[in-house]
1. Quick check on my filter: what residues within the stretch A:152-192 are charged (D, E, K, R), assigned to a strand (DSSP E or B) and surrounded by 15 or more Cβ atoms within 10 Å (Cβ to Cβ)?
2. Please enumerate the residues belonging to the stretch B:223-236 that are farther than 22 Å from residue B:318 by Cβ and outside any helix (DSSP H, G or I).
3. Show the residue pairs meeting these rules: Cβ distance below 8 Å; 6+ apart or different chains; first residue within the stretch B:280-303 and on the phi > 0 side of the Ramachandran plot; second residue part of a helix (DSSP H, G or I).
4. For residue A:300, work out the one condition from (1) in contact with a Pro (Cβ under 9 Å, 6 or more places away or on another chain); (2) modelled with pLDDT of 80 or more; (3) farther than 25 Å from residue A:147 by Cβ it doesn't fulfil.
5. Residues in the stretch B:9-31 that are at the interface with chain A (Cβ under 7 Å from one of its Cβ atoms), touching a residue at least 12 places away in the same chain (Cβ under 8 Å) and closer than 11 Å to residue A:516 by Cβ: how many?
6. Looking at B:5, B:37, B:96, which one is among the β-branched types (Val, Ile, Thr), within 14 Å of chain A (Cβ to nearest Cβ) and not in a loop (DSSP other than H, G, I, E, B)?
7. Among the residues that make up the stretch A:504-519, is at least one of them among the small types (Gly, Ala, Ser), part of a helix (DSSP H, G or I) and at pLDDT 90 or above?
8. How many residues, within the stretch B:30-83, are touching a helix residue (DSSP H, G or I) at 6+ places or on another chain (Cβ under 9 Å), of a type in the set (Ser, Thr, Tyr) and modelled with pLDDT of 80 or more?
Amino acid sequence: MADKYYLNAALKARAAKAVDRKTDGEIALDDISRVKVLSPGRQVFKRFIRNRLAVFGSMLLIFMFVFSFIGPLFYSYGQKQIFYKFDRQTVNYAMAKDNTAYNGYDIDPDAAVERTVNNAMNSRIKSMIADGDTLRFEMGKDNAYEIEKLRDDIYRVSIADLTPICTYGSSTVNIGTYSQVRKTIEFRGEEVEGLADAMTAAVKKNAGGGSFTYGGVTYSYKKGQAKTYAVSASFDGLRYIGEPMDESFEAALEAAAEKGESFVCDGAEYILVANGAAWDVYRRNAARPARVFSRLTVDTFESGAPVSNELRVNALLAAGGSGRFTADGQQWTVAEEDGFLIVRGADGAEYMELTPFSVRRYTGEDSMEYSLKKAVAEKVEEMIEAGAKSGSMACLLPMQGESGEYVYDENGVLQYQEAELVISQRETGEFVITAEQTIYVIDRFSAPSSRHILGTDGDGFDVLARIMYGGRVSLMVGFVVVFLEIFLGVIMGGLAGYYGGWVDMLIMRLVDIFYCLPSLPIMIILGAMMDALRMNTYVRLLIMMAALGIMGWAGVARLVRGQILSLREQEFMVATEATGIKVKGRIFHHLVPNVMPQLIVTATMGMGSVIITESTLSFLGLGVKHPLATWGTMINSVSSASAMAHYAYIWIPVGLLICLTVIAFNFVGDGLRDAYDPKAKR
Amino acid sequence: MLKYTLKRLLYSVLILFFVMFIIYILMYNMPMGYVETKARELASRPGATKSYAEWLADLNAQYGMDKGVVQGYFVWLSHAVRGEWGDSWAWTLPVTQEFHNTVWYSFILSLVSFIFEILIAIPLGITAAKKQYSFTDYFTTVISMVCISMPTFFLATLLKYVFSVKLGWFDLSGMQGRNYMNLSDFGKFLDVAKHFVLPSITIIIISIGGLMRYTRTNMLEVLNADYIRTARAKGVPEKKVINYHAFRNTLIPLVTTLGGSLPGLFSGALITESLFAIRGIGFASYASMTQADIPFIMFYLAFISILTLLGNLISDLLYGLVDPRVRLS
């Protein structure tokens, strides 16, 4: 049989011959050409299109496919494209604060200040301010430091060069440890001859502890551990460490010690450092300046000119001194004018100001105009005086265009507009100035507009674009899963139905097992597992499709087996066996095509349920993940109570699309079933 | 009959054995180190009585994780058969205790929905079949199709949006109102009942479509049967034909399907309960699944597998009981 025999064509050809035979060309009432014989396929098609619901479903499906697969080609936005917009928002525009922290600047980088001393400087300076001191000595581990007040808010730290002279006043010094066993004293410093014997005698008298006099000095001892005694010497009055000084020094020291101040004698300066009840007296030699600490910051007015460390340091030093200095190879003067420390260049022009009060842009990214800074400073001062925590002022801010850029007129002059600045003081003391500004933000949850027909979602994605791409994923998942189900189901069901016996038994038990597996819980567990492994969203998609397919084939296998069992007994199968067609051919060419109608119906209906499962999983956040859009994820992104109430325009269209697609698949499936076999039980 | 039942029961046990084996393999392959993480977490909880190493050894031994899959499965099985399901990790309660705490809420929710489903779907299906190709028929068909096609989560969200957000009739989720503690006993009952309204409506709408179609199809088949034609030919009043001859015969498939779905009333509505925060077994199991609470998941999956098998068995047995023409073998 080379050619297939087409009944319709043959009948038509015969009728044409009959017409030819008749000369008048009229067709008789019973002429065969009046009867139109439809092929089985056309018959099914005709029955199908008579079903209005099925046609409606088909139209919907065609629309969905065009929308999801072809729509994105013509839609300019992508699924992962984030949209931005310019929005007027109240932002923290500037910050004004009275600087209270003292910052240190290096005068001489080689003169390093110990870290512990440097870190403690802020609190030292504050305690100096509280005590009203102008000079204080700080004993570090390696060096002694002097902190000198140059003027208000400016302090200089130098590495002091001190010569110890004497101690004055009553003091007790631990001089060593006496061992009762060895009867010797281990001295810490200078040895005192014969003291050990005196000590032995004293211990014999009073073992617990006590005091004795030896060589005009009073010693006291206290019992320590393991038959040892701590021996201390009590000194009173003046005790030289090195060379003794003359009487005039001693007189001056006596006078100074009462007040606890440093004094000058013979052109040398002596300082007193408290040590317990006594004073350590040092001669102060020239110190080496190391750092300058100040709470003043540099403000270069509108020029925004750079300020080098040298200029800053020298300006600070000069402000507490002569007022003239050289820095960066130039001459400068610094002087207080109307309460402000102004630094002027050699030409007498104002270069910068030293001020504890700073006003700057909040982010520090942009500059601020001097007049505005001044206005803010004045307002803040006014607020501090009035004790107000918040206030507002109207002023001119640079005008911003729609896209946030500054507006210039044709001459390139910056344009200004009236703006309201709100100043409020924080608990921490600084003043924050807020103003309305046009800024560039992600266009979140924008309502439907001509730019975004369905608006944007919480991530600034275009909802319509996401719906299109989401539809792609949902439909694709449906197809792949159903294909897998049918593929596995036909093979397993075909084998079981055709062979029967133990193959059938085995496969059907397998079918029972898979039928019994709770698929939704398993999918949820799989999703949670993939969450824990932080799997790539595309891999997740593949695994999800495979798992759904593997869990869904049992129903198809059962259907195919049932059909094949009944078909196997029919005459045409006997004929295939009689003509010696191979087993493979018998199953796949003769049995399976006869199961096709049921398979197509199952597949169509199955698509609907797979789409529901997929969207449910995605909705639960266990299916396809964020950047990739699916219908379920889109609803999930606005499923919280507040988002649900406010952004109904996002999730209602998506939900309706899911419903419509599933309904369409069901309608078409129903229609196909009716069309294939009008008498079939639904 | 008895022999058939016994045979089916044995088959069911065999199937259950393999189903649980598959599930156990899945659980066994939970992301690496999960048990370790869990042990660390349990050990660092306030008031933890065991150290990390003790917990780890305990957990591994309890679930046979220290052995191979097959051996581990038998360890689990031997525990499970004796009713030792262990302690839930997520709920820090014995699994059976958590089951008792939750299953009755699920049962009540499902039962109420089931009753309403029957009361609505069967009369509608019969009406549609009586007037085939009429407007009512098309209307019911479309409605049932819409109900079948509705994803649970969308319907639940929609109901919440309309009745909770827009109309404010019900709370968004939860089982108790704000002043639950101040109410009288009857008031408490009413309060909980009110919170069950939206979940039940969700379940009813989702499940109504299938039953409606099933009723209609079966009724249509019966109406085309010869004995109905005979009854009509005899001049039996149409009312009697429908209510007496046709309806009784339609009941055969309905009773078997509905009987088969009775065990399912205990299985809980996973998504509905989660969305409405009804503390039923579905909600509990969903929370357990997302937190990889292995003991509870194993228990829950075994439980619903048993329910499914039981449902199939009941349905088949009922078929033989209700329809004398069917002989079970």
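The values are calculated or read from the model by the stated rules, or taken from the named source; none is laboratory data. For clarity, every value in this text was computed on a predicted model and none was experimentally measured. Because the Cβ atoms are built from the backbone with ideal geometry, glycine has one as well, and the counts that use them run over all protein chains shown.
1. The answer is A:156, A:161.
2. The answer is B:224, B:235, B:236.
3. Correct list of pairs: B:292/A:525; B:292/A:528; B:292/A:529; B:292/A:532; B:292/B:34; B:292/B:38.
4. (2)
5. 2
6. Answer to the check: B:37.
7. Within the stretch A:504-519, not a single residue is among the small types (Gly, Ala, Ser), part of a helix (DSSP H, G or I) and at pLDDT 90 or above.
8. Matching residues across the stretch B:30-83 total 1.
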